[in-house]
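I have placed the structure first, in the form of structure tokens, so that the comments after it can refer back to it.
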Amino acid sequence: MTDASLGQPKATLGVGSIIGESFSILFGHFIKVIIIGFVPTLIGFVISGLLTGFDVALGIEPQEFDGPGSVIASILSIVVNMVVYSITTALLVQLAYDAKLARPIQIGRYIGPAISVVVPLAIMTIAVTIVVVIGLMLFIVPGIWVYAVFAVIAPIVVIERAGFGAMARSRALTKEYRWPIVGALVLAIILSMIISFVALFIVGLITVLGTVGLIIAVILFAAISTLGAGYVSILIALIYARLREIKEGVNVDQIASVFD
């Protein structure tokens, strides 16, 4: 039963509070966030570099499609990146709740649950990304709005073990709160773009050093990119927690208890 059905004003999402808490968790556990995201991100870049070329993987050069082989390599690279994103997100969702509850951050404890959900999470991430990209190509608002509809898929999969039912579950949870979620996501996207721009600028300076410079560039790019991905994952985890609090009366202690 919603607040509206009881004749009460609808509870607000509290975007400002969520954003502030997201930054607090990110910088309060900066090193651990980097550690969690760095290894899978680095592995992803290396695999993508071997498939498409490191200049393409780092965003220095555009992908050139000169035959079926390059198309297949590009598709495989996208799949690898989605799998890496899924693993990283699943790890960071668990970190976010432990951090919110001031519990010890135990990275080793997060690995098993993250690996167990990587297949459905990666497949749904790819599906949602395709829909969002199509929406953005047609008109920017529908694309971002679709992103908001499915924004909390990752925590649903990790916490509720909902599998492919997470898409319908996300639609239900985000209903009536999608525009506030859009506002939070736009800020996160802008932040990620700034971080990516800085990373590409640094990479562009370093790659002129040859092979050694390329190796350093890959490592730095993976480390810097982790910041953007880390912030988005933490933000989404907190949005999910707030939505469950509003709609179901479930507090963050109950959500985090599934990791115990």
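The values are calculated or read from the model by the stated rules, or taken from the named source; none is laboratory data. Note that this is a predicted model, so its numbers are computed, not measured. All Cβ positions, glycine included, derive from the backbone under ideal geometry; neighbour counts span all protein chains shown. We work out accessible area using only protein heavy atoms, side chains counted, and drop any ligands, DNA or RNA first. Shrake-Rupley method; radii C 1.70, N 1.55, O 1.52, S 1.80 Å.
Points worth noting:
- Unique match (being modelled with pLDDT of 80 or more and within 21 Å of ALA217 (Cβ to Cβ)) among VAL39, VAL83, VAL56, VAL79: VAL39
- Residues within segment 220-231 that are open to solvent by 10 Å² or more (accessible area, probe 1.4 Å) and either touching a Cys at 6+ places or on another chain (Cβ under 7 Å) or without any contact (Cβ under 8 Å) to a residue 60 or more places away in the chain (or both), tallied: 2
- Only a single criterion out of (1) surrounded by fewer than 23 Cβ atoms within 10 Å (Cβ to Cβ); (2) under 18 Å from LEU238 (Cβ atoms); (3) not hydrophobic (A, V, I, L, M, F, W, C) is not satisfied by THR129, namely (2).
- Extreme residue, surrounded by the fewest Cβ atoms within 10 Å (Cβ to Cβ), among residues of segment 91-107 that are aliphatic (A, V, I, L, M) and assigned to a loop (DSSP other than H, G, I, E, B): ALA102
- For segment 74-90, the set of residues classified as free of Cβ contacts under 8 Å to residues at least 60 places away in the same chain and crowded, with 19+ Cβ neighbours inside 10 Å consists of SER77, VAL80, ASN81, MET82, VAL83, VAL84, ILE87, listed by residue number.
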